[in-house]
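None of the figures in this text is laboratory data; all of them are computed from the coordinates on show. Keep in mind that what you see is a predicted model, and the values were worked out from it rather than measured. Cβ sites come from the backbone with ideal geometry, for glycine too, and all protein chains shown count toward neighbours.
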Amino acid sequence: MKSIHLIAPSGASLDAKSPLAGIDWFEKNGFSIENAACTQRVFERFAGADEQRLSEINDLAKVNPEAVVMAMRGGYGLHRLLPAIEWKSIAKAIQNGLQICGHSDFTSFQLGLLAKTGAVTLSGPMLNYDFGCLDGGGISIPPNEFMWQYFQSAVQERRLKCTVSAPQSFLGKVATGSVNGLLWGGNLTVLNSLVGTPYLPTQEQTQGGILFLEDVNEHPYRIERMLMQLLDAGILAGQSAILLGGFSAYRLYDNDRGYSLDRAIEIIRKRLLDNVPILTELPFGHQPNKLTLPVGAQASLDYSPKEFILKANW
């Protein structure tokens, strides 16, 4: 991995410095950057007009397969492009070795590609937040070491092995177990927006899967409501396990009166089949210490009340 091919499929950059800082970090560490101009596009709130962003995505079929494709940032904008994406051509490029990475709004592309073709993508770091992170004074902050370690393992070795040591309070009736299944998921809000569309993998595709979820700026009651939708749609009950990552940057209110994210998870736990464990503290989401997770790969999960181990090779 010596080349990063950038794409900007969703929102425009919120500041001019962040993408430049990310590009500078990669170049100082010996990487070449392709398509850097995409980081400067602005059309309304988007990183370019729909036609520009769609063309950039469909052109992934022509990208050198030795490069790693990385989204600039999330926000919103991919959903409106989904009907015109050339899924099979992109999947063929992935079959030839191309790796594509992003998260947040990028979830809609990843799940759409999985639904349409079964191709594996990487749910992991993006340019702005992870490699172009700035402190309050606008000074560049080095990338998180945990994130960088797991990103390299994913793109160079196509391997994931992570032990999460944290108390697990929502396991259900089976306190210790091992499961295998399709690893899939992403941003909870985006995933929910795909329910009932052809861009969410079918329940046949994901039956017995390991579903991972994260979100940002969503109050626990909204998280509960979205999980309820997945529960009532039969999606949660069809999984071998559910992994909850970071749910960050929300604020509780006085009228919550003790209601919290844990209380929301407890309610879901009570309604979910008790043989489907819910595990928390997956290091993934809108946070510096994030894993790079292969969406669509087969994975194994060993869990106990004290820890869980997630592994995959693809």
Write down the percent of antiparallel bridges among all DSSP beta bridges whose residues are both part of the chain, to the nearest 5.
50
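What chymotrypsin sites (Phe, Trp or Tyr not before Pro) in region 227-260 are in a loop by DSSP, with at most 12 other Cβ atoms within 10 Å of the Cβ?
Details: sites: PHE247, TYR250, TYR253, TYR259; in loops: TYR250, TYR253, TYR259.
In loop regions of region 227-260 (DSSP not H, G, I, E or B), the sparsely surrounded chymotrypsin sites (Phe, Trp or Tyr not before Pro) are TYR253.
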For region 12-153, what size does the Cα cloud have along each of its three principal axes, sorted from largest down, in whole Å?
43, 37, 22
Mean Cα-pair separation over length for the chain, i.e. relative contact order, pairs under 8 Å, 6 or more apart, %
20
Roughly speaking, what is the centre-to-centre gap between region 242-300 and region 129-208 when only Cα atoms are used, to the nearest Å?
11
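Does region 156-276 come out rounded, prolate or oblate by the C-alpha gyration tensor, with a ≥ b ≥ c the root eigenvalues, rounded set by a/c under 1.5 and, if not, prolate when a/b is larger than b/c and oblate if not?
Values: a/c = 1.44, a/b = 1.27, b/c = 1.13.
Since a/c stays below 1.5, the shape of region 156-276 is classed as rounded.
If you average the sequence gap of Cα pairs under 8 Å that are 6 or more apart and divide by the length of region 182-288, what percent do you get for the contact order? Show your work: numbers first, answer last.
On the way: 159 pairs, mean separation 34.0, N = 107.
Reported as a whole number, the value is 32 percent.
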Taking loop as defined by DSSP and a crowding limit of 16 other beta carbons within 10 Å, which GluC sites (Glu not before Pro) in region 1-107 fit?
GLU44, GLU66, GLU86
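Can you give me the relative contact order of region 66-209 as a percent, contacts being Cα pairs under 8 Å and 6 or more apart?
Details: 159 pairs, mean separation 40.8, N = 144.
28 percent.
Would you mind classifying region 226-304 by shape? Square roots of the alpha carbon gyration tensor eigenvalues, ordered a ≥ b ≥ c; an a/c under 1.5 is rounded, otherwise it is prolate if a/b is larger than b/c and oblate if not. Kindly include the intermediate steps, with their values, before the conclusion.
Working: a/c = 2.04, a/b = 1.21, b/c = 1.69.
Because a/c hits 1.5 or more and a/b fails to exceed b/c, region 226-304 counts as oblate.
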Where in region 1-46 are there trypsin sites (Lys or Arg not before Pro) that are in a DSSP coil and have at most 16 other Cβ atoms within 10 angstrom of their Cβ?
LYS2, ARG45
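Where does the chain land at 222 nm, in deg cm²/dmol rounded to the nearest 500, when only DSSP H runs of n ≥ 4 count, each adding -39500 (n - 2.57), divided by all residues?
Working: 9 runs with 83 residues, N = 314.
Dividing the helical sum by the residues of the chain leaves -7500 deg cm²/dmol.
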